[in-house]
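This report concerns only the one structure given below.
The values are calculated or read from the model by the stated rules, or taken from the named source; none is laboratory data. Remember, it's a predicted structure, so these values are computed and weren't measured experimentally. In this analysis, Cβ positions are derived from the backbone assuming ideal geometry, glycine residues included, and neighbour counts consider all displayed protein chains.
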Amino acid sequence: MIRVVVVDDHAVVREGLKRIISENPGMAVTGEAGDGHEALKLIRGGACDVVLLDITMPNKNGLDVLKELRTEVPRLPVLVLSMHSEDQYAVRVLRAGAAGYLTKESAPAKLVQAIRKVVRGGKYVSPSLAEKLVSDLGTDTERPPHEILSDREYQVLCLIASGKTVSEIGAELALSVKTISTYRVRILEKLRMKNNAEITRYAIKERLVD
């Protein structure tokens, strides 16, 4: 029996995933969590075979949860299932140690296939993402400027581009306004920009926001 833990802040999404998984023999949801802190507590407290993890969550986001799990239980496969397109987060979460990346628009059969594959020790990516990863191996590949940002800086960039204020971003990431402002300054310096409007235009152009 493949024991699955589902981590997503939307109860409707969790219920949908539980239904999909329960319809497949040899697979069951043995735990669920609605935020990052709850997820870590749950996973530390009981055994599971794979984690389905959302990125955008309150209190502690998916990227932070992923990094902690990689340190604490490095052999536990984490399959990221996100509303964000592959262009926005896929390469970043795979580099952080995720076993695979799926968008929430994926067909249920793909989700089940991905779960079985990562539990067996494999990696799951879509054909388009696999092509991008291969092309990135080329030494002459010109990488987009935002890839020099740290994970936290990248998160802040996306949130600024989505129209959130510094206070709103701080609340979402559980960080102080001063800390978010510091990240904003670093983003502007690294990308050689002057204001939020330039950040937003860049993020739209690079399809980093929906």
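Brief remarks follow.
- Flag if residue 118 is of a type in the set (A, V, I, L, M, F, W, C), out of contact with any Pro (no Cβ under 8 Å at 6 or more places or on another chain) and either in a helix (DSSP H, G or I) or not assigned by TED's automatic domain parsing to the domain that holds residue 159 (or both): no
- Scanning region 7-59 for residues that are among the hydroxyl-bearing types (Ser, Thr, Tyr) and either touching a residue at least 60 places away in the same chain (Cβ under 8 Å) or surrounded by 15 or more Cβ atoms within 10 Å (Cβ to Cβ) (or both), we see that the one that is nearest to residue 118 (Cα to Cα) is 30.
- Some residue of region 62-84 being touching a residue at least 60 places away in the same chain (Cβ under 8 Å), of a type in the set (Val, Ile, Thr), buried (at least 17 other Cβ atoms within 10 Å of the Cβ) and not in a loop (DSSP other than H, G, I, E, B): no
- In region 97-115, the residues that are assigned to a loop (DSSP other than H, G, I, E, B) and not charged (D, E, K, R): 97, 98, 99, 106, 107
- Among the conditions (1) surrounded by fewer than 20 Cβ atoms within 10 Å (Cβ to Cβ); (2) without any contact (Cβ under 8 Å) to a residue 60 or more places away in the chain, residue 108 misses just one, which is (2).
- Among the residues listed as 111, 188, the single one being more than 23 Å from residue 6 (Cα to Cα) and not charged (D, E, K, R): 188
- Helices (runs of 4 or more DSSP H) fully within region 140-210 counting 3 or more residues that are within 18 Å of residue 64 (Cβ to Cβ): 151-161, 166-173, 177-191
- Test: residue 94 is in a helix (DSSP H, G or I), assigned by TED's automatic domain parsing to the domain that holds residue 115 and either under 17 Å from the mean Cα position of the chain (by Cα) or of a type in the set (A, V, I, L, M) (or both): yes
- Looking only at region 151-186, residues that are in contact with a Gly (Cβ under 7 Å, 6 or more places away or on another chain) and either surrounded by 20 or more Cβ atoms within 10 Å (Cβ to Cβ) or within 18 Å of residue 201 (Cβ to Cβ) (or both) come to 1 in all.
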